[in-house]
Amino acid sequence: MSTLKNFLNPVRKENIKFTLSDAFVDDEGRPLEWEMRQIGAREGTEIAKETAELSGVESMTAYVAAALVTPNLKSIELVNAFAEKHNGKILTPAEILMELVTDGELGRLIEVYNRHNRAAGRFEDLEKEAKNS
C-alpha cells in the first residue's frame, strides 16, 4: 500500500530561482530573480499540440514561457503593456517572452528549462541513474 501512496504523491523538484542576465535589474541595480517550475505531462502535451507547426526554438519558447513563474507572462499588467505596444494585439506568453529577451537570454532560458525538467537527458543516463538508486 505504501507503494501506491508513493505513486499518488510523487516528490517533485522545487521551483528553480536564477538570475538570467544583468539586463533585468531592480531600481537599485540588483539583478532580478527569475523563477521556473516543472510542467506536468498533461500541460506539456497541450503545448506540443499547440506548437506542432512551429520550429523547434519556437516550440521550446512556448514550454519555457509556460514554466516561468517569475516573470508571470500571463499577468494582466504585462499583457496589457505589450498589447499597448502592439496596437491592441494580445500576445501569447511565448510572444511576450520573445519580446523581453535577447537570443542569448532565450538560449539560457531553454538550457535552464531542459536542466530543470530533465527534458534533455539521454535515456541511457536516466536508466543508469535509476539502476543506481
* Solvent accessible area, Å² - SER2, 1.4 Å probe, full protein context -> 80 Å²
* Could you check the simple spin-label distance between LYS49 and ASN15, using points 7 Å along Cα→Cβ, in nm with one decimal? => 2.6 nm
* Asked: Just the accessible area for PHE24, please: 1.4 Å probe, Å², rounded to the nearest 10?
  -> 40 Å²
* Structure fact -> Judged on accessible area alone, 1.4 Å probe, highest first, ILE96, ILE39, ILE16, ILE76 line up as ILE76, ILE16, ILE39, ILE96
* By accessible area of protein heavy atoms, probe 1.4 Å, what ranking do GLU43, GLU84, GLU33 get, highest first? -> GLU84, GLU33, GLU43
* Structure fact -> Per the 1/(1 + (r/R0)^6) rule, R0 = 25 Å and r from the Cβ atoms of ASN72 and GLU28, FRET efficiency to 0.05 is 0.70
* Percent accessible area from carbon and sulfur atoms, the chain, protein chains only, probe 1.4 Å -> 52 percent
* Asked: How much accessible area does GLU46 have with a 1.4 Å probe, in Å² rounded to the nearest 10?
  -> 80 Å²
* **For the chain, accessible area per residue (1.4 Å probe, heavy atoms of protein chains only), Å²** => 70 Å²
* Asked: How large is the Kirkwood hydrodynamic radius of the chain, in angstrom, based on all distinct alpha carbon pairs?
  -> 16.8 Å
* Structure fact -> Looking only at aspartates and glutamates whose Cα falls under 16 Å of LYS85's and that sit 8 or more positions away or on another chain, we get GLU77, GLU95, GLU99
* Structure fact -> Quick tally, 1.4 Å probe accessible area for TYR63, TYR113, sorted with the most first, runs TYR63, TYR113
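The values are calculated or read from the model by the stated rules, or taken from the named source; none is laboratory data. Note that this is a predicted model, so its numbers are computed, not measured. Cβ coordinates were reconstructed from backbone atoms using ideal geometry, including for glycine residues, and neighbour counts include every protein chain displayed. Areas reflect the complete protein model, heavy atoms only, side chains present, ligands, DNA and RNA absent. Shrake-Rupley method; radii C 1.70, N 1.55, O 1.52, S 1.80 Å.
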